[in-house]
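Report on one structure; see the data block that follows.
The values are calculated or read from the model by the stated rules, or taken from the named source; none is laboratory data. As the structure is a computational prediction, the values presented were derived from the model and not from experiment. Cβ atoms come from the backbone with ideal geometry, glycine included; neighbour counts cover every protein chain shown. These area figures cover heavy atoms from the full protein model, side chains too; ligands, DNA and RNA do not enter into them. Shrake-Rupley method; radii C 1.70, N 1.55, O 1.52, S 1.80 Å.
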Amino acid sequence: MLYRETGQFKTTYAADQAIFPIFQDRVFLFAIIAFAYIVIPLIASEYWLQAVLIPLLIFAIAAVGLNILTGYAGQLSLGTGAFMAVGAYSAYKLATGFPELNIIVVFILSGVSAALIGIIFGLPSLRIKGFYLAVATLAAQFFLIWMFNRVPWWYNYNSSGTIIAPPREVAGVMLTGPTATAETRYLLVLTFCILGGLLAKNLVRGRVGRHWMAIRDMDIAAEIIGIRLLPNKLLAFAISSFYCGVAGALLLFSYLGSAETEAFDIFVSFEVLFMIIIGGLGSILGAYLGAAFIWLLPIFLTNAPQLVGLSMPVDFQKHLEVMIFGSLIVVFLIFEPAGLARLWQIGKEKLRRWPFPY
């Protein structure tokens, strides 16, 4: 068959440690990236780019960050929305306070700001874990949102309390603002999404990732064998918050255009958490699959009744979405805790062994 590893020999350590050691996987990845960069901007409508693909990629970045913290390091967090808000408000203050600063640098610095805040709220992780740590991060969610609401400096003393992404261009191309095209904003977010995924994949495969997984599996045993808990936990909080901060900045500048604190409320934190649960904890691919599933399911539920000639009230559709989300989380936790990523892996293994998959 076409998907076989037989005959693909590794003659160097670098080849053996490659992210995609199988040639067919590399071809498939390059084909997906080429399709995303070349074909989608040509064939996708502005609705699909602006309302579907751009937010999907942004939430995939946030899901990768949360999966690093919860899936790999084992630190449960419910403050994803707050860290995204830190990134959005930091990017707004940097872009308005330093108009000459490159917008790409603004996005990176907003991630650094969120990482610093993540370290502060990650300090309790040395003493508490599990449900109690989730409550501590939930306190971060409420406190940060309250701060952005109550301190007028964060929204430049605007009477409406709204932050508006200013227009910025790089090399003569408008990347943000009302005049930036949907194709340009899509390519910008896609680039951050791909680079962030590759960076996270390499990170979790190295020494740092092994330390995180040891802490996740049994922190006492990890400390006994010489792994320092506090630096590694804080590093997980910092990197996770960095991803969430960049996602929040992109959410404001590339998707919403203007936002208030309601755009980063507790429901955003739960939504990202659902993404990594359904996609697969401890899997970078699972973050992307979960984000795609959570974001595309409402669109499918909206259009599926029309395809079969049925009319469904909007409120019933929303209730149905909530019921399906809850049911799927329970189903995945019971029957496949590793989520969609594990199902994808099983499918690949069956294909490699076809016609004798068992």
Whole-Hz couplings from phi, Karplus 6.51/-1.76/1.60, listed for the range 54-64; x for Gly and Pro: 4, x, 4, 5, 5, 6, 5, 4, 5, 5, 4
Anyone know which of ILE277, ILE266, ILE224 comes out most mobile in the 10 Å Cα GNM of the chain? ILE224
Charged-residue dipole, Cβ positions (Lys, Arg, Asp, Glu), the chain about Cα centre, Debye nearest 20: 1020
Could you run the Karplus curve 6.51 cos²θ - 1.76 cosθ + 1.60 with θ = phi - 60° over the range 245-260 and give me ³J(HN,Hα) per residue in whole Hz, x for Gly and Pro? x, 5, 4, x, 5, 5, 4, 6, 7, 10, 10, 6, x, 9, 7, 10
Extension length gain for MET218 and PHE316 (0.36 nm per residue less Cα distance), in nm, is 30.9 nm
Show me, for the range 69-80, the HN-Hα J-couplings you get by feeding each phi into the Karplus relation (A = 6.51, B = -1.76, C = 1.60, θ = phi - 60°), rounded to Hz, glycine and proline as x. 6, 8, x, 9, 8, x, 9, 6, 9, 10, x, 4
Please work out the FRET efficiency for the pair ILE32 and SER159, using the Cβ-Cβ distance as r and a Förster radius of 35 Å; give the result to the nearest 0.05. 0.15
For the chain, what is the largest minus smallest coordinate of the Cα atoms on each principal axis, given in angstrom and ordered from greatest to least? 67, 59, 46
Cα-Cα pairs in the range 11-81 separated by more than 15 Å, as a whole percent of all pairs, come to 71
Take the chain, connect every pair of alpha-carbon atoms lying under 10 Å apart with a spring to form a Gaussian network, then pick out the residue of SER311, SER241, SER258 with the largest mean-square fluctuation. SER311
Place a label point 7 angstrom from the Cα of SER45 along the Cα-to-Cβ direction, then list the residues of the range 164-200 whose backbone nitrogen is under 17 Å away. 182-183
Name the residues whose placed amide hydrogens come within less than 5 Å of the amide hydrogen of ASP265, ignoring near sequence neighbours (fewer than 5 apart) on the same chain. none
Using 7 Å Cα-to-Cβ label points, what is the ARG353/LEU333 separation (nm, one decimal)? 3.0
Using Cα springs under 10 Å in a Gaussian network model of the chain, which residue among ASP315, ASP265, ASP217 shows the largest mean-square fluctuation? ASP315
Given R₀ = 30 Å, what would the calculated FRET efficiency be for LEU123 paired with MET147, taking r from the Cβ atoms and rounding to 0.05? 0.95
Do you know the Lys pair count in the chain for C-alpha distances under 27 Å, with sequence separation 8 or more or different chains? 8
With all protein chains in place and a 1.4 Å probe, VAL105 shows an accessible area in Å² (nearest 10) of 60
For the range 230-358, shape from the Cα gyration tensor axes a ≥ b ≥ c, cut at a/c of 1.5 then a/b versus b/c, turns out oblate
Out of residues 5 or more away from LEU175 or on other chains, whose amide H comes under 5 Å of its own, with H placed 1.01 Å from N in the peptide plane? ARG168, GLU169, VAL170
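Using only helices, what value at 222 nm comes out for the chain when you add -39,500 (n - 2.57) per DSSP H run of length 4 or more and divide by the total residues, to the nearest 500 deg cm²/dmol? Intermediate results must be reported in sequence, preceding the final value.
Details: 15 runs with 229 residues, N = 358.
Mean residue ellipticity, 222 nm, calculated: -21000 deg cm²/dmol.
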